[in-house]
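Nothing in this text is a laboratory measurement; each read-out follows from the coordinates by a stated rule. Bear in mind that the values here come from a model prediction, so they are computed numbers and not experimental data. Cβ coordinates were reconstructed from backbone atoms using ideal geometry, including for glycine residues, and neighbour counts include every protein chain displayed.
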Amino acid sequence: MVERDNRGRFAPKETPTIEERLHKEKHHFRIDDFATELGVGTVVVQRVIDELKEKGYVFDQTPDGKIVKATSILDGTGKIDMRPVFAGDNVLRFGVVADSHLGSKKERLQELNSTYDRFQREGITTVFNAGDVTEGVGVYRGQEYEVHKHGQDEQIDYAIKAYPKRDGITTYTISGNHDLRQTERGGIDPLIPISRQRKDIVYMGQMVSMAQIADNLWAEIIHPAGGGAYALSYKAQRDINNRVPENLPDILMYGHYHHSYYMYYRNIHFLQVPCFKDAGGWERRLGLNPTIGAWIVEAKIGDGEGGARIESFTPQLHTYSTARK
């Protein structure tokens with residue numbers, strides 16, 4: 001097949017590579033059908049898919065085995081079994097952070113490091129992160145003027161090097177909307193290469209994950225969508241009220257809103273997790289004033305019907321001053 005070049009001459013049309021075809025494919029397909037169409041072996045196609053996954057691209061899969069490179073946030077809740085992490089402890093202690101937005105000129109990296117120093121001093125070995133590890137690219141108009149690391153690759157490399165690393169501490173994180181903005185455009189999920197390069201960071205999944213911390217005891221961590229509400233408790237209360245009882249966790253943690261709040265509602269311990277980013281232009285236009293800080297939680301676990309239960313839950317909020325300029 002031929003086409004005209006930029007001088008109007010006929011030139012052979014280049015055949016797209018397997019990777020280029022995978023990037024452009026919009027519909028779910030079977031690997032063997034895809035290979036037959038391209039005239040290559042299924043092993044070759046599978047190898048290219050595996051290489052893309054290694055880079056951080058995500059593939060969606062249907063129940064009947066069809067796949068496609070994902071360009072949207074995948075549905076479903078990730079689950080992770082953390083019972084081995086807390087095994088034998090009747091008093092669980094863990095830290096909770098969110099929204100470090102690494103790569104933003106407004107990041108509070110020094111305070112994030114100070115928080116991890118505190119975790120280490122207080123013997124915290126498990127930290128949950130409620131998303132937006134990176135600032136992301138093209139999330140809102142004018143964001144390019146508020147970053148010091150430009151492009152997804154720069155932000156990934158920066159997060160790998162800059163996110164606090166302390167001996168004995170493991171961070172279990174989800175991704176947030178800032179992290180995944182480029183994923184929605186066909187880019188990679190940045191938390192995949194970050195967690196592969198940083199063995200102290202465990203990626204729990206996109207936007208939401210359930211962690212089983214004891215028999216019949218679950219913690220859910222979410223990076224919600226949308227803006228804040230008129231009351232700090234409103235969105236969590238609405239979320240909890242709209243769920244069926246069997247879909248309710250024992251501990252619920254929200255990132256995204258850059259505020260701090262605790263409540264005990266319908267037998268659920270809810271934590272709104274503060275952030276490590278001062279207000280930028282977008283937040284100031286909306287009149288948002290962030291809380292800079294993190295939680296340390298101590299929960300006493302006892303025996304209950306059908307498994308463990310939380311007998312007491314003590315959240316400690318540690319904050320830092322916000323920028324005044």
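Based on the Cβ-Cβ distance of Asn247 and Lys165, what FRET efficiency does E = 1/(1 + (r/R0)^6) give at R0 = 41 Å, to the nearest 0.05?
After rounding, the FRET efficiency stands at 0.70.
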Note to self: Given the -39500 (n - 2.57) contribution per DSSP H run of 4+ residues, what per-residue ellipticity at 222 nm results for the chain, rounded to the nearest 500 deg cm²/dmol?
What the structure shows: -6500 deg cm²/dmol
Check: Just how large is the dipole of the stretch 107-246 about the Cα centre, in debye to the nearest 20, putting +1 at every Lys and Arg Cβ and -1 at every Asp and Glu Cβ?
Finding: 80 debye
Margin query: Using only Cα atoms and rounding to the nearest 10 degrees, what angle (0 to 90) does helix 152-162 make with the longest principal axis of the chain?
Written below: 40 degrees
Note to self: Which residue, Ile240, His269, Leu180, has the largest displacement toward the positive end of the dipole of the stretch 78-320 when charges sit on each Cβ (Lys, Arg +1; Asp, Glu -1)?
What the structure shows: Leu180
Item checked: Asp117 versus Thr42: modelled label distance in nm, points set 7 Å from Cα along the beta carbon direction -> 5.7 nm
Next item on the list: Just rank Trp218, Trp295, fewest to most, by other beta-carbon atoms within 10 angstrom.
Entry: Trp218, Trp295
Item checked: Using a Förster distance of 35 Å, the FRET efficiency for Leu286-Lys199 (Cβ separation, nearest 0.05) -> 0.40
Next item on the list: For the chain, just run the numbers: alpha carbon Rg, then divide by 2.2 N^0.38 Å, N being how many residues it has.
Entry: 1.12
Check: Taking the Cα centre of the stretch 78-320 as the origin, how large is its charge dipole in debye, to the nearest 20, when only Lys and Arg (+1) and Asp and Glu (-1) carry charge on their Cβ atoms?
Finding: 400 debye
Check: In the structure displayed, which of Lys24/Lys69; Lys106/Lys149; Lys235/Lys277; Lys105/Lys149; Lys24/Lys53 lie more than 18 Å apart, Cα to Cα?
Finding: Lys235/Lys277
Note to self: How big is the dipole moment of the stretch 174-290 about its Cα centre under a simple scheme where the beta carbon of each Lys and Arg is +1, that of each Asp and Glu is -1, and everything else is neutral? Debye, nearest 20, please.
What the structure shows: 360 debye
Next item on the list: For the stretch 204-215, take each phi angle, set θ = phi - 60°, evaluate the Karplus expression 6.51 cos²θ - 1.76 cosθ + 1.60, and give the result in whole Hz per residue in order, putting x for glycine and proline.
Entry: 8, x, 7, 6, 7, 7, 9, 10, 8, 9, 6, 4
Item checked: Cα→Cβ-extended label distance, 7 Å offset, between Lys26 and Lys79, nm -> 3.5 nm
Notebook entry, point to check: the stretch 112-206: which trypsin sites (Lys or Arg not before Pro) are DSSP loop and have at most 15 other beta-carbon atoms within 10 angstrom?
Noted result: Arg141, Lys165, Lys199
Item checked: Leading residue at positive end of dipole, the chain (Cβ point charges), from Ser209, His258, Thr322 -> Thr322
Check: Which one of Glu184, Glu144, Glu51 has the biggest mean-square fluctuation once the chain is modelled by GNM with Cα springs under 10 Å?
Finding: Glu51
